[in-house]
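Reading through the structure tokens given below for one structure.
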Amino acid sequence: MRLTVTHRTEYSYDTPKRHLIQSLRLWPTEFDGQRVRSWSIAVDGHPADRGAAFRDGAGDRIETVSLRNVSGMAIVVEGEVETTDLNGVVRGLREKVPPIAYLRPTRATRLNGALRDLAHDAVADQGGDLDRAHAISRAVAQAVAYTPGTTEADTTAAEALELGSGVCQDQTHTAIALARAVGMPGRYVVGYLHSNSDGTVDQASHAWAEIWVDGLGWVGFDAANGCCPDERYIRLGSGLDAHDAAPIRGRALGPGLETLDVDVRVVEGQSQSQSQSQGGRESGQRQQ
């Protein structure tokens, strides 16, 4: 499938910021499941110093943007990616971080008794790692219903499980926590998701989990949609949790409030089928 992406993240400040630094993780992953045909990232509305881009140990490309005396700016992503359905398997990704590193807990994925119990119940009757990973994703979908507006950006997996609802960020954190509870490395993935076949809007900016499966490597699981990532998905990057994997992360120096507006459009070819707008308070995006 050939997918075209337009992603605009616009910041405005009631008082100009003395200095703004942003770390961008906005380039599609290089692996067998997707091929970039064109991709550009521009800083609109303000002169910017752009640092040298580099690829981190997880295989993600990162670039730093630095601005001074900023009252408003926008980061605009435009590009086209050709995707292939690999049944969720992340084949051909060149990375240096060993899977065991993704057993490390974070605040968002820290285990408690309820998460441990759900994890062990989910895999109790399963055989190999692939069956266990599928069972974990199903358990998350049943235990944390997709319900926008019920959680916050800093809600943890334990809190989402207790509440029984959340968005894809919460479901992904919960899946990672359950995987780690049974000794399977898990990580948080951010990217884009194409609309439904009927053209209705469905999380254009999206998140899902990848779980390490012996014999296959990293395999993606999207509890929010009950599937493994296929040709509708564009993978951008990964991390231990939503904060670690954020497509845009940074700091602004100076007093005053920040307003964030995000618009993401993912269409097949040149069609105009999908758009999504989001708002926030921090230098980043919560995955809805």
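The strands (runs of 3 or more DSSP E) found entirely in the range 216-267 that carry 1 or more residues being in contact (Cβ under 8 Å) with a residue 60 or more places away in the chain and in contact with a Pro (Cβ under 6 Å, 6 or more places away or on another chain) are 217-221, 233-239.
All of (1) in contact with a helix residue (DSSP H, G or I) (Cβ under 6 Å, 6 or more places away or on another chain); (2) under 29 Å from Gly269 (Cβ atoms) hold for Ala119 with one exception: (2).
Within the range 64-110, the set of residues being aliphatic (A, V, I, L, M) and open to solvent by 10 Å² or more (accessible area, probe 1.4 Å) comprises Val76, Leu86, Val89, Val90, Leu93, Val97, Ile100, Ala101, Leu103, Ala108.
For the range 25-39, what are the residues that are within 13 Å of Arg61 (Cβ to Cβ) and either out of contact with any Lys or Arg (no Cβ under 6 Å at 6 or more places or on another chain) or charged (D, E, K, R) (or both)?
Correct list: Arg25, Leu26, Pro28, Glu30, Phe31, Val36, Trp39.
Scanning the range 36-56 for residues that are of a type in the set (D, E, K, R), surrounded by 12 or more Cβ atoms within 10 Å (Cβ to Cβ) and modelled with pLDDT under 90 returns Asp44, Arg50. The criterion of at least 2 residues that are without any contact (Cβ under 8 Å) to a residue 60 or more places away in the chain is met by the following strands (runs of 3 or more DSSP E) wholly inside the range 1-85: 34-44, 61-83.
Reported count of residues in the range 115-147, each being acidic (Asp, Glu), open to solvent by 80 Å² or more (accessible area, probe 1.4 Å) and outside any loop (DSSP other than H, G, I, E, B), is 2. Scanning the range 62-115 for residues that are among the polar types (S, T, N, Q), at negative phi, out of contact with any His (no Cβ under 6 Å at 6 or more places or on another chain) and at pLDDT 95 or above turns up Thr83, Thr84, Thr106, Asn112.
From the list Trp212, Trp208, the lone residue that is at pLDDT 95 or above, open to solvent by 30 Å² or more (accessible area, probe 1.4 Å) and assigned to a strand (DSSP E or B) is Trp212. For Leu20, the criteria (1) within 19 Å of the chain's Cα centre (by Cα); (2) modelled with pLDDT under 90 hold in every case but one, which is (1). Of the residues that make up the range 157-171, is at least one assigned to a loop (DSSP other than H, G, I, E, B) and not β-branched (Val, Ile, Thr)? Yes; the residues of the range 157-171 include at least one that is assigned to a loop (DSSP other than H, G, I, E, B) and not β-branched (Val, Ile, Thr).
Check Ser165, Ser238, Ser205 and return the single one that is more than 24 Å from Arg104 (Cα to Cα), within 14 Å of the chain's Cα centre (by Cα) and among the small types (Gly, Ala, Ser).
Only one candidate passes the filter, namely Ser205.
Within the option set Ala143, Ala124, being more than 18 Å from Ala108 (Cβ to Cβ), of a type in the set (A, V, I, L, M) and free of Cβ contacts under 8 Å to residues at least 60 places away in the same chain holds for one residue only, Ala124.
Looking across Thr150, Thr109, one residue alone is touching a residue at least 12 places away in the same chain (Cβ under 8 Å), farther than 22 Å from Asp244 by Cα, in a loop (DSSP other than H, G, I, E, B) and not hydrophobic (A, V, I, L, M, F, W, C). It is Thr150. Within the range 162-175, no residue that is within 14 Å of Ser205 (Cα to Cα) and without any contact (Cβ under 8 Å) to a residue 40 or more places away in the chain sits with its Cβ atom under 8 Å from a residue that is of a type in the set (Gly, Ala, Ser) and open to solvent by less than 10 Å² (accessible area, probe 1.4 Å) at 6+ positions apart or across chains.
The values are calculated or read from the model by the stated rules, or taken from the named source; none is laboratory data. It should be emphasised that the depicted structure is a prediction, and the values quoted were computed from it without experimental measurement. Positions of Cβ are generated from backbone atoms using ideal geometry, with glycine treated the same way; all protein chains shown enter the neighbour counts. With ligands, DNA and RNA removed, areas are computed over all heavy atoms of the protein, side chains included. Shrake-Rupley method; radii C 1.70, N 1.55, O 1.52, S 1.80 Å.
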